[in-house]
Structure formats: C-alpha cells, structure tokens
1. Considering every residue within region 70-79, establish whether at least one is exposed (fewer than 10 other Cβ atoms within 10 Å of the Cβ), at pLDDT 80 or above and part of a loop (DSSP other than H, G, I, E, B).
2. Filter region 1-37 down to residues that are over 14 Å from Ser77 (Cα atoms), of a type outside the set (Val, Ile, Thr) and surrounded by 12 or more Cβ atoms within 10 Å (Cβ to Cβ), then give me how many there are.
3. When the residues of region 2-30 are narrowed to those that are touching a strand residue (DSSP E or B) at 6+ places or on another chain (Cβ under 9 Å) and in a loop (DSSP other than H, G, I, E, B), which ends up modelled with the lowest pLDDT?
4. Output the residues belonging to region 31-63 that are modelled with pLDDT of 75 or more, in a strand (DSSP E or B) and hydrophobic (A, V, I, L, M, F, W, C).
5. Enumerate the pairs (first residue in region 18-46 and on the phi > 0 side of the Ramachandran plot and without any contact (Cβ under 8 Å) to a residue 60 or more places away in the chain; second residue anywhere and of a type in the set (Lys, Arg) and assigned to a loop (DSSP other than H, G, I, E, B)) with beta-carbon separation below 7 Å, excluding pairs fewer than 6 apart on the same chain, so at least 6 apart or on different chains.
Amino acid sequence: MNQIKVGGHATLDLGVDYKTKLNGHEVSMFARADNIFDKQYYSTARSSSDRNEDGVFDAEDLSITVNPGRMITAGLSMKF
C-alpha cells in the first residue's frame, strides 16, 4: 500500500509566553503563530483500499488532509 509518494515540507512556527503577577495573582499570556509563511502541504495522506473500485491502487484512492494554513492563537490565564 505504501506506493504513493508525498513530498516533504518545512514550516516556521513561533511562540512567546510571558508570566507576571497582577495584584498578587499569577498571570500567564501567550501568543503562537503556526505556519508563518502559510505553506500548503498534506498533513496526512492514507488509504486502505481501492476506493474508486477500478482494480488499481493509485493516487486516486488516497484520503488527503490538507493543513489548515497559517494559524494564530493567543491566550491568557490567571491563578487566584
């Protein structure tokens, strides 16, 4: 089944985390950016059968998941 080749990829992810105290409570802030350059790639490519039932296992039978693209996340937490 491992006959289909999918090219490799490289992405740049950045993150920052800042911790401080506010009125005696621990505060943590973070920001993260994944896939900075918004590169398109396949995060999974798999198959377990001849999905289109043409008698040939090939690229047409793959179930492909494309990455979500650039993703930015931020958050804040506080312990009290």
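1. No: region 70-79 contains no residue that is exposed (fewer than 10 other Cβ atoms within 10 Å of the Cβ), at pLDDT 80 or above and part of a loop (DSSP other than H, G, I, E, B).
2. The number of residues fulfilling the criteria is 5.
3. Pass one, region 2-30, residues touching a strand residue (DSSP E or B) at 6+ places or on another chain (Cβ under 9 Å): 4, 6-7, 9, 11-22, 25-30.
Remaining after also requiring in a loop (DSSP other than H, G, I, E, B): 4, 6-7, 9, 11-13.
Numbers: Ile4: 66, Val6: 74, Gly7: 77, His9: 85, Thr11: 92, Leu12: 96, Asp13: 96.
Of everything passing the filter in region 2-30, Ile4 is modelled with the lowest pLDDT.
4. Narrowing region 31-63 to residues modelled with pLDDT of 75 or more: 31-43, 54.
With in a strand (DSSP E or B) added as a condition, the list becomes 31-34, 42-43.
Scanning region 31-63 gives Ala31, Ala33.
5. Asn35/Arg70; Asp38/Arg70
The values are calculated or read from the model by the stated rules, or taken from the named source; none is laboratory data. Since the model is a prediction, treat every value here as computed from it, not as a measurement. Virtual Cβ from ideal backbone geometry, glycine too; neighbours counted across all protein chains shown.
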